[in-house]
Amino acid sequence: MHLRIFFVLAALASAGCASTNQSDGGDAASTVQLTVINEYQGTVTAYAVWGSGRIRLGDVGQNRTRLFSTRRRSDRVAVGLELIGAPPPATGAGSALSPYRVSESIAVVEGDAVEFRLSAGNILTVRRLEAGL
């Protein structure tokens with residue numbers, strides 16, 4: 001029984017180390033605020049894209065805004081948006097928007113706030129927010 005508990009704890013510890021092993025050049029507590037505004041006609045799943053990896057932030061409903069706080073993992077961040085329940089693009093039955101889309105990346109430092117907006121016209125824009133907004 002003790003050996004089983006040891007293996008479970010060791011597996012959990014190694015999984016935790018693997019998920020935080022991405023070097024961001026800074027303190028593990030450094031965070032950035034990412035605001036996702038979805039003006040599109042459906043719900044999207046938002047991801048923070050750091051270099052070649054991505055972290056799931058959560059879902060943002062149609063005509064909704066969500067604020068996410070995430071640990072800074074590199075000097076640049078983009079947002080990936082995945083349409084939930086979108087038909088394959090080849091069917092022509094759904095949207096003209098690709099089921100998964102990535103914004104341009106933007107340089108970030110600890111404490112930055114960035115807004116990503118998916119407009120009703122399928123345009124994905126990025127802008128830095130002023131402190132306190």
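Just so you know, all these numbers are worked out from the coordinates, no wet-lab data involved. Because the structure is predicted, anything quoted here is derived from the model rather than measured.
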- Note on the structure: Note: Asp59 to Arg76 extended length (0.36 nm per residue) minus current alpha-carbon separation gives 3.9 nm
- Task: Would you pull out the residues with amide H under 5 Å of Val108's amide H, same chain only if 5 or more places away, H placed 1.01 Å from N?
- Result: Arg76, Val77
- Item | Length added when fully stretched, Ile84-Tyr100, from 0.36 nm per residue minus Cα-Cα | 4.8 nm
